[in-house]
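What follows is calculated from the coordinates using simple rules that are stated; it is not laboratory data. Values in this document were obtained by computation on a predicted structure and should not be read as measured data. No Cβ is skipped: glycine too gets one built from the backbone with ideal geometry, and neighbour counts run over all protein chains shown.
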Amino acid sequence: MKQLIGSVFVLVMGLFLWSLVPLLGPSAGYLSTYFTQHGVADNHTANLVTAVVVNYRGFDTLGEVLVLFASVSGATFVLRRRDGLPTAQPWPASEFLATGARALFAPLVVFGAYIFVHGHLTPGGGFQGGAVVASAVLMLLLVNRDRHLPHGLMTWLESLSGFGFVLTGLIGLAVGGSFLSNKGLMPLGEWNTLFSGGLIPIIYVLVGIKVGAELSALLDVMFHSTGDADHQEGQA
Amino acid sequence: MNELTLYYLAAMSLMLVGFMGLVWKRNLIKMVLAFTLIDTGAHLFLVALGYLPGATAPIVDDAGMFAQAQSLMVRQGAVVDPVVQALVLTAIVIGVGVTALMLSYVVRIYARRGTLDIAELRRLKW
């Protein structure tokens, strides 16, 4: 019976999805036409996706950063208690992994920073750069499982970058008349150079720091969620 | 059938595989994997929806196109839709966060009940 209900559900879902196909086709809506026409002239950013993410729909991006923060807080809350988890005895990292991770850590952090600094010029940005920085932290944790990230520093980085994002938006509201407005506060700069786009690179760097700190904190929590014997004794 | 229809069908098939896994698999980790398949299918579908045949990426990096953009005269269909790409960019990050949250629930459930089989978790049944 259960199998039947499942099969019927999958069948209906499949028919629904396949029946959508003939209705779809290439089309440019009113908004995307506006964004492609005015994006460069309004913001002097080469990358139109960045103009949409950070400027036109910047408020949504703030909400999205909030969703990421909420999910990371939820995971931290759920994994904080360690009782009942199996005690893990991880293998020590091999020589290859240890040497490779030490050699690659600094270049990866610099590469991540490069990606979020150039978010308005190349197909990169705060989210991608933050993920690259977090992957550097992942390698660090893989080599040394007992290492804890500096908790206070991560909290401060995350809070200050989030606060900076909201503050930039409010300054835009005061000066330019709308939240995250890119008018009037900073010169837009010359198109296709590093210092262009007004507030957009600043906001994307803040987003990059925030995403990097959040994903690193998530990795830290997941790595230290196995029950270790002395910790449980300490709690009991 | 043009190439765009092929893109839509591929993305929807991926979503359908995810739904099948969600319905028929009983291992919680496999269900999380099925969820990420649905997620990826939705991302591919959105990106395919914004694609225009013959258009380039929405990055204005040559001077001729910049001149057009300055006078608000970008040719219709010259670049693909940047809106769906911005949506997918944020959706990927949210997908990572939600997957991490689901996996931490799975870890807690395993610690509490000692099983990953969803059929054995009967407390929530009515």
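Against chain A, whose longest principal axis is taken from its Cα atoms, helix A:151-176 shows a tilt of about 10°. Computed over the protein assembly as shown, the P(r) curve from all C-alpha pair distances, binned at 20 Å from the origin, holds 25, 51, 23, 1 percent per bin.
Exactly which trypsin sites (Lys or Arg not before Pro) in the stretch A:95-177 are in a DSSP loop and have at most 11 other Cβ atoms within 10 Å?
Sites meeting the loop and neighbour criteria: none at all.
Partner shielding of A:73-81 amounts to 5, given as the average count of beta-carbon atoms from other chains within 10 Å of each residue beta-carbon.
In whole angstrom, the stretch B:1-72 maps to an equivalent ellipsoid with semi-axes of 38, 14, 6, each derived as √(5λ) from the alpha carbon gyration tensor and ordered largest first. For chain B, modelled as a Gaussian network with Cα springs under 10 Å, which listed residue fluctuates most, B:72, B:101, B:52? Evaluated over chain B, the most mobile residue of the options is B:72. Treating the angle as unsigned and between 0 and 90°, give the value, to the nearest 10°, between the Cα long axis of helix A:58-80 and the longest Cα principal axis of chain A. Rounded to the nearest ten degrees, it is 10. Dipole size of the stretch B:3-120 about its Cα centre, with +1 on Lys/Arg Cβ and -1 on Asp/Glu Cβ: approximately 640 debye, rounded to the nearest 20. Taking a Cβ cut-off of under 13 Å around residue A:162, the surrounding Lys, Arg, Asp and Glu residues balance to a net charge of -2, with basic ones at +1 and acidic ones at -1. Taking Lys and Arg as +1 and Asp and Glu as -1, the other residues whose beta-carbon sits under 12 Å from that of residue A:31 total 0.
Using the Cα atoms as the points, what is the convex hull volume per residue of the stretch A:79-184 in Å³?
Value for the stretch A:79-184: 150 Å³ per residue.
A Förster radius of 41 Å, combined with the Cβ-Cβ distance separating residue A:173 from residue B:67, puts the computed FRET efficiency at roughly 0.80.
When Rg and Dmax are taken over the Cα atoms of the stretch A:1-120, they come to 23.9, 61 Å.
For residue A:210, the aspartates and glutamates whose Cα falls under 18 Å of its own Cα, not counting residues fewer than eight places away in the same chain, are A:60, A:64, A:158, A:220. Charging the Cβ of each Asp and Glu at -1 and of each Lys and Arg at +1, and nothing else, the dipole of the protein assembly as shown about its Cα centre rounds to 1140 debye.
Placing +1 on the Cβ of every Lys and Arg and -1 on the Cβ of every Asp and Glu, with nothing else charged, gives the stretch A:1-144 a dipole about its Cα centre of roughly 380 debye. Only Cα pairs under 8 Å and 6+ residues apart enter the sum, and on that basis the relative contact order of chain A stands at 28 percent. Pairs of alpha carbons in chain B separated by more than 25 Å make up 46% of all such pairs.
In loop segments of the stretch A:100-209 as defined by DSSP, the chymotrypsin sites (Phe, Trp or Tyr not before Pro) with at most 13 further C-beta atoms inside 10 Å of their C-beta are A:195.
For residue A:2, the aspartates and glutamates whose Cα falls under 18 Å of its own Cα, not counting residues fewer than eight places away in the same chain, are B:117, B:120. Please work out the C-alpha center-to-center distance from the stretch A:181-203 to the stretch A:73-137 and express it in whole Å. About 30 Å separates the Cα centre of the stretch A:181-203 from the one of the stretch A:73-137. Subtracting the Cα-Cα distance of residue A:83 and residue A:153 from their residue separation scaled by 0.36 nm leaves 22.5 nm.
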